[in-house]
Amino acid sequence: RQVSFFPAGAVGGLAGKNMDNGNPPADKLVSMTAQRLDKVLHTAKAPHVIGYLSLDIEGAEDEALCANFPFHLYTFLLMTVERPPPSLNQRLFEHGYLFVKNHMFDTFYVHTSHPNATFIARNDTFKQVGAKCTTSRRKGKDSNKTLFEECSWA
């Protein structure tokens, strides 16, 4: 699908609602064709069990592991996701991922099929990581926060 991309180095990425780059200057956007993660994995003939996945894609994490991602075809034994929204956490839990820990803005998971999953997991201490304070999220109680602080997801 065609997406708007904001080329801004380490803080660049997809532009749009709920993305870290929610409202960049229109004249700075570039139109690009994006591929679904599962299509990239299939095209690359990736194994069905993958040791580690790190997702830090500036607010597009929920789209990369979307509701119709084929979790029955691809399992990531260990995973780190930057600022996963509540919907993505719920989806991962429903597909056999266990909470390990939060570190700053990242959440770490282990899949139940990992041989040490019960030793590694800490589901009883799960805490939702806050949202990145983008322009669209800086409202009400979060209005004075910066990009490097946590805002509420709602």
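Between Gln35 and Asp106, what FRET efficiency follows from the Cβ-Cβ distance if R0 is 22 Å, with the result rounded to 0.05?
0.35
Give the residues of the range 67-90 whose amide nitrogen is closer than 17 Å to a point set 7 Å from the Cα of Thr43 in the direction of its Cβ.
Within reach of a label on Thr43, which here means backbone N under 17 Å from a point 7 Å along Cα→Cβ, the range 67-90 contributes 70.
Tell me the trypsin sites (Lys or Arg not before Pro) within the range 1-52 that lie in a loop according to DSSP and have at most 12 other beta-carbon atoms within 10 Å.
Listed in order of number, the matching sites are Arg1, Lys17, Lys45.
Quick note: the coordinates plus some simple rules give every number you see, no bench work behind them. Please read all numbers here as calculations on a predicted model, not as lab measurements. All Cβ positions, even for glycine, are placed from backbone atoms using ideal geometry, and neighbour counts span all protein chains on display.
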